[in-house]
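Student: Just passing along the structure, written as structure tokens.
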Amino acid sequence: SQTIHQWPATLVQPVGSPLSLECTVEGTSNPNLYWYRQAAGRGLQLLFYSVGIGQISSEVPQNLSASRPQDRQFILSSKKLLLSDSGFYLCAWFGQSSGANVLTFGAGSRLTVL
Amino acid sequence: GENVEQHPSTLSVQEGDSAVIKCTYSDSASNYFPWYKQELGKRPQLIIDIRSNVGEKKDQRIAVTLNKTAKHFSLHITETQPEDSAVYFCAAPFISGGYQKVTFGIGTKLQVIP
């Protein structure tokens, strides 16, 4: 079966520090992968999506970037964090589950920027 | 792209009553409509979905209805229980630039009062 892993689960970072969040998917090949951000009490904002190695599309301009160095690995990064980057970051993959294409989320990474 | 509107943003019901959450979408090509439940601090999880070739789908106390002509779909929860308290998101996948994306509604915070 397919599983999706995210880490770290929580982190607290100072403004201006770098960021790296990692997501890996197991049990599938060539998945469509997504990064969403959820600010406190808010909805789900699509940040990046990727259909394959090295293929990244950005939805909104920001100081974040994403990379896909391997088929099942999707990384969210920043060189210098802003206070507004605080939030709950969710990796997701869109693929077959129980015979249908569904969007499945990882457990999330909760980032607090101080 | 797809625009998904969801209402109400908050909903309080007495335990045992029914709850209804409604969503509208803009892309007439959309053919799959999932609903996610997000408990506090956790990832959104798929609870039910419906495809455009049916008008209603039920799973125990939850049901989803779809009106393709009007481009809206609704989540119905009957005999609500305190554990139904959560944020519910509707979503609509769509194709953009040849790639599959998923747009979410803003979410509905459901509170079931014991």
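The values are calculated or read from the model by the stated rules, or taken from the named source; none is laboratory data. None of the values given here were measured: they were computed from a predicted structure. Heads up, the Cβs are rebuilt from the backbone with ideal geometry, glycines too, and the neighbour counts pull from every protein chain shown. Accessible surface areas use protein heavy atoms only, side chains included; no ligands, DNA or RNA. Shrake-Rupley method; radii C 1.70, N 1.55, O 1.52, S 1.80 Å.
Residues checked against (1) facing another protein chain (nearest Cβ under 10 Å); (2) acidic (Asp, Glu); (3) open to solvent by 20 Å² or more (accessible area, probe 1.4 Å):
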| residue | (1), (2), (3) |
| --- | --- |
| A:Ala39 | no, no, yes |
| A:Leu47 | no, no, no |
| A:Val60 | no, no, yes |
| A:Thr104 | yes, no, yes |
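Student: Right, something else. Is there any pair with a first residue in the stretch B:26-39 that is over 24 Å from A:Gly106 (Cα atoms) and modelled with pLDDT under 95 and a second that is assigned to a strand (DSSP E or B) and not β-branched (Val, Ile, Thr) whose Cβ atoms are under 8 Å apart and which are 6 or more apart or on different chains, and what are they?
Tutor: B:Asp27/B:Ala92; B:Asp27/B:Phe94; B:Ala29/B:Phe94; B:Ser30/B:Ala92; B:Ser30/B:Pro93; B:Ser30/B:Phe94; B:Asn31/B:Arg51
Student: If you don't mind, there's one more thing I want to ask. Are any residues in the stretch B:55-95 acidic (Asp, Glu), out of contact with any Ser or Thr (no Cβ under 9 Å at 6 or more places or on another chain) and closer than 17 Å to B:Pro114 by Cα, and if so, which ones? Spell out the reasoning first.
Tutor: Narrowing the stretch B:55-95 to residues acidic (Asp, Glu): B:56, B:59, B:79, B:83-84.
Checking which are out of contact with any Ser or Thr (no Cβ under 9 Å at 6 or more places or on another chain) leaves us with B:59, B:83-84.
Scanning the stretch B:55-95 gives B:Glu83, B:Asp84.
Student: Related question: Could you tell me which numbered condition B:His76 fails, if it satisfies all but one of (1) over 22 Å from A:Ile4 (Cα atoms); (2) open to solvent by 40 Å² or more (accessible area, probe 1.4 Å); (3) at pLDDT below 95; (4) part of a strand (DSSP E or B)?
Tutor: Failed condition: (3).
Student: Determine if the stretch A:33-51 includes at least one residue that is β-branched (Val, Ile, Thr) and not in a strand (DSSP E or B).
Tutor: no
Student: Moving on to the next point. What do you reckon, is A:Leu82 over 21 Å from B:Gly98 (Cβ atoms) and more than 9 Å from chain B (Cβ to nearest Cβ)? I'd like the intermediate steps shown before the answer.
Tutor: Details: over 21 Å from B:Gly98 (Cβ atoms): yes; more than 9 Å from chain B (Cβ to nearest Cβ): yes.
Against the criterion (over 21 Å from B:Gly98 (Cβ atoms) and more than 9 Å from chain B (Cβ to nearest Cβ)), A:Leu82 qualifies.
Student: Another question, then. Only one of (1) more than 24 Å from B:Gln6 (Cβ to Cβ); (2) part of a strand (DSSP E or B) fails for A:Phe88. Which number is that?
Tutor: (1)
Student: Mind listing whichever residues of the stretch A:49-58 are open to solvent by 40 Å² or more (accessible area, probe 1.4 Å) and either aliphatic (A, V, I, L, M) or modelled with pLDDT of 90 or more (or both)?
Tutor: A:Ile53, A:Gly54, A:Gln55, A:Ile56
Student: For the stretch B:64-81, does any single residue satisfy the condition of being without any contact (Cβ under 8 Å) to a residue 24 or more places away in the chain and aromatic (Phe, Trp, Tyr)?
Tutor: no
Student: More than 14 Å from every other protein chain (Cβ to nearest Cβ), of a type in the set (A, V, I, L, M, F, W, C), open to solvent by 20 Å² or more (accessible area, probe 1.4 Å) and in a strand (DSSP E or B) - does that describe any residue in the stretch A:5-12?
Tutor: We begin by selecting, within the stretch A:5-12, every residue more than 14 Å from every other protein chain (Cβ to nearest Cβ); these are A:8, A:11-12.
Then drop every residue that is not of a type in the set (A, V, I, L, M, F, W, C), which leaves A:11-12.
When the remaining residues are screened for being open to solvent by 20 Å² or more (accessible area, probe 1.4 Å), the result is A:11-12.
Add one more test, that the residue is in a strand (DSSP E or B), and what stays is A:11-12.
Within the stretch A:5-12, one or more residues are more than 14 Å from every other protein chain (Cβ to nearest Cβ), of a type in the set (A, V, I, L, M, F, W, C), open to solvent by 20 Å² or more (accessible area, probe 1.4 Å) and in a strand (DSSP E or B).
Student: Okay, moving on. Taking the conditions exactly as written (open to solvent by less than 20 Å² (accessible area, probe 1.4 Å) and not in a strand (DSSP E or B)), does B:Ser30 satisfy them or not?
Tutor: Details: open to solvent by less than 20 Å² (accessible area, probe 1.4 Å): yes; not in a strand (DSSP E or B): yes.
So B:Ser30 passes the test.
Student: Among the listed residues B:Ile21, B:Ile47, identify the single one that is part of a strand (DSSP E or B) and under 12 Å from B:Ala91 (Cβ atoms).
Tutor: On the way: B:Ile21 fails: under 12 Å from B:Ala91 (Cβ atoms).
Among B:Ile21, B:Ile47, only B:Ile47 is part of a strand (DSSP E or B) and under 12 Å from B:Ala91 (Cβ atoms).
Student: Any chance you could count how many residues in the stretch B:83-108 are over 16 Å from A:Arg37 (Cα atoms), within 10 Å of the chain's Cα centre (by Cα) and open to solvent by 10 Å² or more (accessible area, probe 1.4 Å)?
Tutor: Here the count works out to 0.
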